[in-house]
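A.B. asks: Below is the structure I would like to discuss, written out as structure tokens.
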Amino acid sequence: MLDSIERRLMERELHFLQRMKKHITNPQDPRNHIIDEHISLLQEVINTDQVVD
């Protein structure tokens, strides 16, 4: 279970990664795959876990 602070931190990290990805212009850049994977994992945890206040 996530507390609300952990969830907010994950959401901030998710937004950071999404912004970072916009700055990678080369589709062949290996960072794209890493960022996509990390975004996917964060979204999964944020969407499936219950939040405890």
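The values are calculated or read from the model by the stated rules, or taken from the named source; none is laboratory data. All figures in this text were calculated on a predicted structure; none of them were measured in a lab. Here Cβ is always computed from backbone atoms with ideal geometry, including for glycine, and neighbour counts include all displayed protein chains. Heads up: the accessible areas ignore ligands, DNA and RNA and are worked out on the full protein's heavy atoms, side chains in. Shrake-Rupley method; radii C 1.70, N 1.55, O 1.52, S 1.80 Å.
A.B. asks: May I ask you to give the solvent-accessible area per residue for the chain, in square angstrom, as obtained with a 1.4 angstrom probe?
C.D. replies: Heavy-atom accessible area per residue stands at 82 Å².
A.B. asks: Using square roots of five times the C-alpha gyration tensor eigenvalues, list the equivalent-ellipsoid semi-axes of the chain in whole Å, biggest first.
C.D. replies: They are 26, 11, 6 Å, listed from largest to smallest.
A.B. asks: Rounded to the nearest 20 Debye, what is the dipole magnitude of the chain about its Cα centre when Lys and Arg each give +1 and Asp and Glu each give -1 at the C-beta?
C.D. replies: 360 debye
A.B. asks: Find how much the distance from GLN43 to MET20 grows on full extension, using 0.36 nm per residue of separation minus their present alpha carbon separation; answer in nm with one decimal.
C.D. replies: The GLN43-MET20 span can extend by a further 6.7 nm.
A.B. asks: Against the longest alpha carbon principal axis of the chain, how many degrees, from 0 to 90 and to the nearest 10, is the axis of helix 4-22 turned?
C.D. replies: 10 degrees
A.B. asks: Something else about it: What do you get for the angle between helix 30-48 and the principal long axis of the chain? Use alpha-carbon atoms, 0 to 90 degrees, nearest ten.
C.D. replies: For helix 30-48, the angle is close to 20 degrees.
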